[in-house]
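The values are calculated or read from the model by the stated rules, or taken from the named source; none is laboratory data. For clarity, every value in this text was computed on a predicted model and none was experimentally measured. Cβ placement follows ideal geometry from the backbone for every residue including glycine, while neighbour counts extend to all protein chains displayed. In case anyone asks, the SASA skips ligands and DNA or RNA and just uses the protein heavy atoms, side chains included. Shrake-Rupley method; radii C 1.70, N 1.55, O 1.52, S 1.80 Å.
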Amino acid sequence: MGYQVGRICYQTHEEATNVVMTQVVPTIDKDGVLHHPVFNGANWVYKEQIIKLVMPQCEYGAYFEAAQYIGRNMVVFFALLFVVVVALRSVAMIESESSNEK
């Protein structure tokens, strides 16, 4: 299982948390103090509090498997289309040669 951030499924909770926390926009309070998340080596900290994110779970690699399935089907379709086009052109060429001989 993985953890979903947007439309991307990350393999570990740490990867997903890093992605989310690096996208947090820093804020400046009314006293002019800059607040931003900080990674202290083990946890993300924001305003002196450790951050624990809850993210939806997803199946890691599911999009890749779906893309492989679609890609294989497209290759088969285009291969069949190529065969049909070559066959039609061959038939047309044979018919034009037989009409030229007469």
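See the values below:
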read-out	value
Rough spin-label spacing in nm, given labels placed 7 Å along Cα→Cβ, for A67 and K47	3.8 nm
Within the accessible area of region 18-66 (1.4 Å probe), percent carbon and sulfur	58 percent
Alpha-carbon centroids, region 21-49 and region 77-102: separation in whole Å	68 Å
Overall form of the chain per C-alpha gyration tensor (a/c, 1.5; a/b vs b/c)	prolate
Tail fraction, Cα-Cα pairs, region 49-92, threshold 16 Å, whole percent	64 percent
Per residue value of the accessible surface for region 1-50 (all protein chains in place, 1.4 Å probe), Å²	75 Å²
